[in-house]
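Reading through the structure tokens given below for one structure.
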Amino acid sequence: MDLLSAQFLGYEPVHIEELIGKKGKNQGSMRDVELEKIKEYAAEDADITFQLKQVFVPLLKEKEVQPVFDNVENPLVRVLTDMEFEGVKIDVDFLKQYSKELETEAKRCEESVYAQAGVRFNLASPKQLGEVLFEKLQLDPKAKKTKTGQYATGEDVLLKLANQHKIVDDILGFRELTKLKSTYVDALPEMINPKTGRVHTSYAQAVAVTGRLSSNNPNLQNIPIRTARGREIRKAFVPREEGRVLLSADYSQIELRIVAAISGDPNMCEAFRQHKDIHTATASKVYNVPENEVTKEMRYKAKSVNFGIIYGQGAFGLADNLGISRTEAKEIIDNYKKEFPNIQRYMDEQVNFAKENGYVQTLAGRKRWLKDINSSNFTVRGYAERNAINSPIQGTAADMIKLAMIKIHNEMKTASWQSKMILQVHDELVFDAVPGEVDKLKELIIRCMTTAMPLPHEVPVEAEVGMGGNWLEAH
DNA sequence: TCTCTGCTCAC
DNA sequence: CAAGTGAGCAGAGAC
């Protein structure tokens, strides 16, 4: 859904691009298909449900997904429409000020790079940067190239050169600062709808193949949080009015809980049932030490393995990721498989199921078709096999939060609350709340998120909620 | 002006 | 060969 289609659900039409007098740069094809279809069927005065089925059924492939359509996607349309319509307030003054700071800092990094390189060039061009680093400065005689023959200058490549030349810090600094400035700090104020004074994202319901939502114009699902400078940007996401607060609720380790539950692995299920720190518990098993003797490094490595499992990562990837030898990586993975035997079995089962049936599915019955699963090409087949492992996990998490959103939205609507659900970021929901409703809202959110879709083997689902004067504080 | 590429942000 | 799902920016080059 997007804001435009709101008019067919009884809202006044608000079209961001028209109001700003500027066309969106990246008009997703789904959005256009959706709009055309809706216009077409609206002209025939057809029922909205029917209209949307015309849109989604061909995309999600036939009737077998009907339960997912009827129980999840169709009810979710109204929820997303409301969220898009409500939008989120942005503190423009804060961003304007921050933009200047980023500009100054970026300039300093840039000048420092030119001074150290002994030439001036366009630092924002990976092509030019590669030539400077690997031809003029000769930082790595075995420098990797991209498929188009340029030198690769991605973050991972540069980090490996960091102890060789001080220039690397300034290059990475420049990259971080200009990324933040161009993608968020300068772009967001431009996206404010003059009528509402807020930014209204569009959620795409049928773009991500796993069943996740995606967000665009602007994308509010990739607002920085990892670095200190990036995190600042979240301070600009504020309640719509004086006196209101932002509330943020996160699922805790939802994908790992889903792995545990659908694989039925006894050790991992038990760790969750006992409310243990899952990465510490994993490290304890893998390294065969008591939990109180798990070191930071052991936990860090176990965490990496846990995430790798979700993606179908192998020893090579783990070694690369952790900067350890492939022998050590293989040892860790072998131990992991031994301690959590059902996880390996689950992965094999998913791949075999896909090979026989041509698809895999989530707990709610959402399917992902994998046409390459029996390919004779190793690379192509390997990719499909990792999809077979990952999709049910990522997709089940998507099913769960969507069901929670529907329940929360229904209850808020029925009781005519003034607080609004405004954002979804895969495992997080954000609310713009009035103070008088905060307590009951917190209760509602936690209750719905944790019970919307109970997991097998009594694996508990947990969610945390925070509150504050901006998105950063709410975390 | 459009499209592709490389890169980087999120979960 | 080697880690899943997305969106958006600037550069580079085709037209």
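Here, each number is a calculation from the coordinates, and none is a lab measurement. Computed from a prediction, not measured in an experiment: that's the story for all the values here. Positions of Cβ are backbone-derived with ideal geometry, glycine not excepted, and every protein chain shown enters the neighbour counts.
Quick one: net charge around A:ASP427, please, counting Lys, Arg +1 and Asp, Glu -1 for every other residue with C-beta under 13 Å from its C-beta.
Numbers: positive: A:ARG212, A:ARG257, A:LYS402; negative: A:ASP250, A:GLU255, A:ASP399, A:GLU428, A:GLU462, A:GLU464.
Here the count lands on -3.
Can you tell me which aspartates and glutamates have their Cα less than 16 Å from the Cα of A:LYS160? Leave out same-chain residues fewer than eight positions away.
Qualifying aspartates and glutamates at Cα under 16 Å: A:ASP140, A:ASP169, A:ASP170, A:ASP320.
Using +1 at the Cβ of each Lys and Arg and -1 at the Cβ of each Asp and Glu in chain A, identify which of A:MET83, A:VAL425, A:VAL245 lies farthest towards the dipole's positive end.
Sorting the options by dipole projection puts first A:VAL425.
Using a simple charge model, +1 on the beta-carbon of Lys and Arg, -1 on the beta-carbon of Asp and Glu, nothing else, what dipole does segment A:395-440 show about its Cα centre, in debye to the nearest 20?
Using Cβ point charges on Lys, Arg, Asp and Glu, segment A:395-440 gives about 180 debye.
Label-point separation (nm) for A:ALA115 and A:GLU190, each offset 7 Å from Cα along Cα-to-Cβ?
Calculated label separation equals 3.1 nm.
Using 30 Å as the Cα-Cα cut-off, could you pick out the over-long pairs in A:LYS89/A:LYS413; A:LYS136/A:LYS301; A:LYS107/A:LYS127; A:LYS355/A:LYS407; A:LYS142/A:LYS285; A:LYS235/A:LYS285?
A:LYS136/A:LYS301; A:LYS355/A:LYS407; A:LYS142/A:LYS285; A:LYS235/A:LYS285
To the nearest 0.05, how large is the calculated FRET efficiency for A:PHE316 and A:VAL380 if R₀ is 22 Å and r is the Cβ-Cβ distance?
Once rounded, the FRET efficiency stands at 0.80.
I need the peptides A:70-80, A:127-137 ranked by packing, meaning the mean over residues of other C-beta atoms within 10 angstrom, with the highest value on top.
The peptides rank, most packed first, as A:70-80, A:127-137.
Specify whether the C-alpha gyration tensor of segment A:433-475 places it in the rounded, prolate or oblate class, a ≥ b ≥ c being the square roots of the eigenvalues: rounded for a/c under 1.5, otherwise prolate if a/b is larger than b/c and oblate if not.
oblate
Pulled fully out, how much extra length does the chain show between A:GLU242 and A:TRP369, if you take 0.36 nm times their separation in residues and subtract their Cα-Cα distance?
Value of the extension gain: 40.9 nm.
Taking Cα atoms of chain A, Rg/Rh with Kirkwood Rh, to two decimals?
0.98
Determine which residues of segment A:188-224 fall in the zone a paramagnetic label at A:LYS100 would reach in this model, i.e. backbone nitrogen under 19 Å from the point 7 Å along Cα→Cβ.
Correct set: A:188-190.
Tell me what chain A gives for mean residue ellipticity at 222 nm when only DSSP H runs of n ≥ 4 count, each as -39,500 (n - 2.57), the sum divided by the residue total, rounded to 500 deg cm²/dmol. The partial results should precede the final answer.
On the way: 20 runs with 245 residues, N = 475.
After summing the helix terms and dividing by residue count, I get -16000 deg cm²/dmol.
Which of the peptides A:430-440, A:393-403 is most tightly packed, and how do the rest follow, judged by the mean count of other Cβ atoms within 10 Å per residue?
The densest-packed peptide leads the list: A:393-403, A:430-440.
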